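Data block below; observations after.
The values are calculated or read from the model by the stated rules, or taken from the named source; none is laboratory data. Just so it is clear, the model here is predicted, and its values are computed rather than measured. All Cβ positions, even for glycine, are placed from backbone atoms using ideal geometry, and neighbour counts span all protein chains on display. Surface accessibility is based on the protein's heavy atoms, side chains included, excluding ligands, DNA and RNA. Shrake-Rupley method; radii C 1.70, N 1.55, O 1.52, S 1.80 Å.
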Amino acid sequence: MAELVPVGTILAVLSNQIIKTAVAAKEVLEKESFKILSKHLFSIQVVLEELQSKKLDDSPATRKALESIESDVKKANNLVEKYKNKGRFYLLIKCRNIVKEVQDITRHIGKSLAALSVANIEVLSGMSEQVNRLQNEMQRAELEASHSQKRVVDKLNQALKDQIQDQEFANDMLKEIARAVGVPVEPAEISKELESFKREKEEAANRKEMAEVFFLEQVIKLLSQADAARNYEEVRNQYFQRLRVIECHDPKEESIQPFKPFICCITGHVMLDPVSLCTGTACERTALEAWFNSGEKTDPETGEILEDCSYRSNLRLRQSIQEWRELNYCVKIRSCKEKLLAEADSSIKEALSCMQELIKESSINKDWISIGGLTEILVSIISPLHDDDVNIHQINALNDIVEGNERNKEIFIENEGLYNVIPYLALDSSVAKAAINLLHEVLHDSSGWNTAYCNDLSQQKNAITFLVELLKSPTREVAEKAEAILMKLCDEEENILKAAEVHWYKPLVDRVNEGPASSRMSIVRALLSLELDEDHIKLVGAGVISPLLEMLAESMEVKELSLSALVKLSGIHEIKKLIADAGGVRLILDLMFSSHLRTVIIAKCSEILKNLSSDGDGTKFLVNENGMQLQLEPVITNVLAYQQNLMISDIVRRPALHALLQICQSDAGLVKTAVSASGVSVILPLLDDSNQEIRETAINLLFLFSQHEPQGVVEYLLKPRRLEALVGFLENEDKSDVQMAAAGLLANLPKSEIRLTEKLIEIGGLKAIISILRSESIEAKENALSALFRFTDPTNIQFQHSVVDLGAYPLLVSFLRDASVTTKARAAALLGDLSMRSSELSVMPKIAGCWSILWTRGKICPVHGVVCSVTTTFCLLEANALPELVTLLQGNVHATAYEAIQTLSTLVREESPHRGANVLHENNAIRPLIEVLSWGQESLKAEALGLLEKIFMSKDMVDLYGSTAKVPLFGLTGRSMHEEGHLQRKAARVLLLIDRHSRSSTSLVAGISD
């Protein structure tokens, strides 16, 4: 007796078979019913897996149930194999049979599962509810084809029953079948499906299934009548046959009248589907059915009572009508040709309307129109010179002609249709819409995009430019089709670049992110050649920064390419943030200071660091991915080390030095760090560097460093030709930042270095500084004024004369009127320096003779008591500076008011205070001076009190302003001593002066004496 196979083995094998069948069932084109079968099979497989994990009863009932399931699964597998490679048309036409077969096998499997459940009630107790539900669903499965499928099949079966074989019905039937299964109505696709039918017929014949053979023959015969199923040569020959028939008709005729038998006696129109009564009367099928449905029992033509109301298809009449229609098609095509060649807009419109009607009447006319030469003519006469209506009509007609017709698309392409249509993309929106629809249709074939046609389009001038412009169209359909075409064209790298050149970057960004390594590198190289403004850099950078940073981990070649792109993009604020947020700054710094990388890599990293810190951003973006500031001390140290290493190329040193400058400019603490790292001694020699940019950056850095550490700079500058180089910076009118830095450096150097000052005057440094005062740069002008203090030192009248002789005085006065607060304050202070020597310069010569006579001829200065001038005595009055200084005093700005008071104080001399006080009175300076006591800061009030003390030495001034000054002075003296004791004492002294000159004998401030 043969040994039985263990139940567990049977379950394992059966489970595997079920999985294979379930997977295969999902792949059958007739989706719905097989999908249901697949779902149930997968559910059964879950049950069998559960049974494998338990001890199944090895009973005869169990074995029989498993054998039954195995047999049913084999049948299901055979059913899947039977239909999985069938054509779509065949599956549709056999849908009822297929659904019935699937339903039956599903129910059989359900019954077998039920038997297994009964045999193993205890084992399946834990999942009994799941098994019961599954077997019930399968045993009661009610599968059916969709309503649309059944409608198409019913219509086909009725046509076969009525022996309908005419072309128009075949066209309609084929379209419905194709639509139902998702196949395009194009010759290539239809041929495939018909070939599938023929194979099925041959297989049925081999199986001796004659009924199936007969059925398929009928279907093939009917559908072969459709235009899309016909051989092109047949279609062409048929056209010329009809054309020969109409040669006898007048060329001016645009139609052939129908014969009377063609006209339905009910509707009065030419019939489409003629049927005949037993009386011989022919009517339109639908009209006759409506006639009888209304209760009529008579012959519609003769009125006779009908004993037999049956009717049948009149195939011969249908064929005759079809021939008449085809003759009319040829007549109309001939007429349209004449109208198109006439080139008049009205004639063209008539021809286009007629052609579109022909296409609506029969799809064969798409071919006949082209065979008749109309497509070539229509393509050739396309011109934007026509009005918009004609343009739109032309393009829409062409769209109708080429739609779904590969041969007509080929004719369109061969006759330069692309070249002629592209200009329409740039016209009015309605014209552009028609043009983009036409292009979209032409570029597609049965398999999708026609690559050859797409390549042709991409080579056309302005094609990509116009398509990119259409992306902005307010019409969504237009924009979507333009983008679809562009995306297809951008399968080619060349077109990605063309699109980028007209500022559409999506394909470029996509390729950099997702393309293969070789393509990505090619695109990045191309990116480097693009001319991008700030807005376009933002668009590109937003999409490519992340992959560019990822490329830094690849080969040297890829690193260099990626860094080159980052250099190009990293100068924009938004891109800097993207790099920082992605952690890119740390990556770049690590590469920059790596000892084993090529110079070009380090140079590009230096450029990026320079860009990141540019435009005043300084250290803002020198952060990690969490926004935390990176340790910048090592960066500063390494950059300074680069400057000392003579082996390092300028392409590294130059941008690195510039980055250092921008970092230091943004953070004074980092300036100290650089100075502590011997920054001054490192940078000073760079003033002699052969590279101009390095020299200019060095002078800017030295300006910053000298604010903290001026030591060593003077000694360096006094070496041969060094100071001349600095003067060269001062004279560089093209670089205001360089002038600003050079002047600032001089301003920061000790003024006690007399030799430096003398040398500067000798080699034109002072002249250069004064020239800067005439420039437009505010920063350079302010630093030049600061540098000028070196030359206006009141202890060196020779230096002061040099300043005045070079015309600085009127410039300083002009700054009091119209300049920045800093410039006004510094100009006032410089004027004060000069005015301090006016008294000394105004001493009357004691020698007799002509000089004494000449001295007394001019107007005597009310302050100095001699004839003054700007050049000889540096007199403020002669320079007309007093009104401007008073204006500064009235401006309620501490910095300018402070310097104005100090400068005005130089006019009130101790030996003759009444002169200066009187001049201040005449120039309305005293009242705003008193007002300072109410609004000024403590240091400003102290200066004001000092000047008032000198002014009130004059009894006249006390008489004029004493009472006005008392209120603010009392306010100051009323303060507690520990707050502002020095101001209290100053205010008290001024009050005492007023008291002395007062007519009252009562002291103003009790207890205060000289």
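Below are the figures for this structure:
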| item | result |
| --- | --- |
| Within region 469-574, helices (runs of 4 or more DSSP H) holding 2 or more residues that are among the small types (G, A, S) | 476-489, 493-501, 517-529, 534-550, 556-569 |
| V866 surrounded by 18 or more Cβ atoms within 10 Å (Cβ to Cβ) and at pLDDT below 90 | yes |
| Matching residues in region 518-542 - criterion: being open to solvent by 60 Å² or more (accessible area, probe 1.4 Å) and small (G, A, S) | S518, S529, A542 |
| In region 645-657, residue nearest to A698 (Cα to Cα) [restricted to those that are touching a helix residue (DSSP H, G or I) at 6+ places or on another chain (Cβ under 6 Å) and open to solvent by 50 Å² or more (accessible area, probe 1.4 Å)] | R654 |
| Test result for S383, at pLDDT below 90, within 20 Å of P184 (Cβ to Cβ), surrounded by fewer than 23 Cβ atoms within 10 Å (Cβ to Cβ) and small (G, A, S) | no |
| In region 250-260, the residues that are under 18 Å from I321 (Cβ atoms) and either surrounded by 13 or more Cβ atoms within 10 Å (Cβ to Cβ) or in contact with a Gly (Cβ under 8 Å, 6 or more places away or on another chain) (or both) | I256, P258 |
| Helices (runs of 4 or more DSSP H) lying entirely in region 793-839 (those with 3 or more residues that are over 19 Å from S777 (Cα atoms), in contact (Cβ under 8 Å) with a residue 60 or more places away in the chain and open to solvent by less than 10 Å² (accessible area, probe 1.4 Å)) | 821-835 |
| Residues that are open to solvent by 40 Å² or more (accessible area, probe 1.4 Å) and either at pLDDT 95 or above or part of a helix (DSSP H, G or I) (or both), drawn from region 425-440 | A426, S429, S430, K433, H440 |
| Residue count, region 605-639 (criterion: loosely packed, with under 15 Cβ neighbours inside 10 Å and either of a type in the set (A, V, I, L, M, F, W, C) or free of Cβ contacts under 8 Å to residues at least 12 places away in the same chain (or both)) | 4 |
| Residues satisfying the stated conditions in region 915-935, i.e. touching a strand residue (DSSP E or B) at 6+ places or on another chain (Cβ under 8 Å) and either modelled with pLDDT of 95 or more or within 14 Å of L885 (Cβ to Cβ) (or both) | G916 |
| 2 or more residues under 20 Å from V431 (Cα atoms) and among the small types (G, A, S): qualifying helices (runs of 4 or more DSSP H) within region 338-388 | 345-361 |
| Candidates I778, I754, I761 - the one that is surrounded by fewer than 21 Cβ atoms within 10 Å (Cβ to Cβ), of a type in the set (A, V, I, L, M, F, W, C) and under 44 Å from the mean Cα position of the chain (by Cα) | I778 |
| Among (1) on the phi > 0 side of the Ramachandran plot; (2) touching a helix residue (DSSP H, G or I) at 6+ places or on another chain (Cβ under 9 Å) - the single one K208 does not satisfy | (2) |
| Residue satisfying all of: in region 683-733; more than 17 Å from I769 (Cβ to Cβ) and of a type in the set (D, E); modelled with the lowest pLDDT among these | E709 |
| Test: S606 is in a helix (DSSP H, G or I) and farther than 20 Å from I636 by Cα | no |
| Number of positions in region 288-337 that are closer than 30 Å to E350 by Cα, open to solvent by 30 Å² or more (accessible area, probe 1.4 Å) and either touching a Cys at 6+ places or on another chain (Cβ under 7 Å) or among the aromatic types (F, W, Y) (or both) | 2 |
| Failed item in (1) within 30 Å of Q798 (Cα to Cα); (2) surrounded by fewer than 21 Cβ atoms within 10 Å (Cβ to Cβ); (3) charged (D, E, K, R), with E899 passing the rest | (2) |
